[in-house]
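This report concerns only the one structure given below.
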Amino acid sequence: AGTEGYGIQATTTSAGSGGTLSLNPRYNQTGNTVGGLTTTTIQLASSTEPVANREIVVTHKAAVSGLTPAGNYQDTITYNCVSN
């Protein structure tokens, strides 16, 4: 109660092959716990081995007080995939 904001949770699936993806502990959450988003780049997941067709499922969650004025609230979230 009284907390407003949003964040994400991440999990992996069994899809794909090769190495496994390791999630950033910040986003490896369950229930109503989320990892906060930042205005700078932060790594969501990585692997030390080659991977093919691996998947990460990202769940966006928001908390809003019943006292928050009605309106159209929005932000832009950008995801980039980088290969080394």
What order, most packed first, do the peptides 7-13, 24-30, 50-56 have when packing is the mean number of other Cβ atoms within 10 Å of each residue? 7-13, 24-30, 50-56
Surface accessible to a 1.4 Å probe, per residue, for the residues of the chain, Å²: 79 Å²
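If you roll a 1.4 angstrom probe over the protein chains with everything in place, what fraction of the accessible area of the chain belongs to carbon and sulfur, to the nearest %?
The C+S portion of the solvent-accessible surface of the chain is 49 percent.
The values are calculated or read from the model by the stated rules, or taken from the named source; none is laboratory data. Computed from a prediction, not measured in an experiment: that's the story for all the values here. All Cβ positions, glycine included, derive from the backbone under ideal geometry; neighbour counts span all protein chains shown. What goes into the accessible areas is simple: the full protein's heavy atoms, side chains included, and nothing from ligands, DNA or RNA. Shrake-Rupley method; radii C 1.70, N 1.55, O 1.52, S 1.80 Å.
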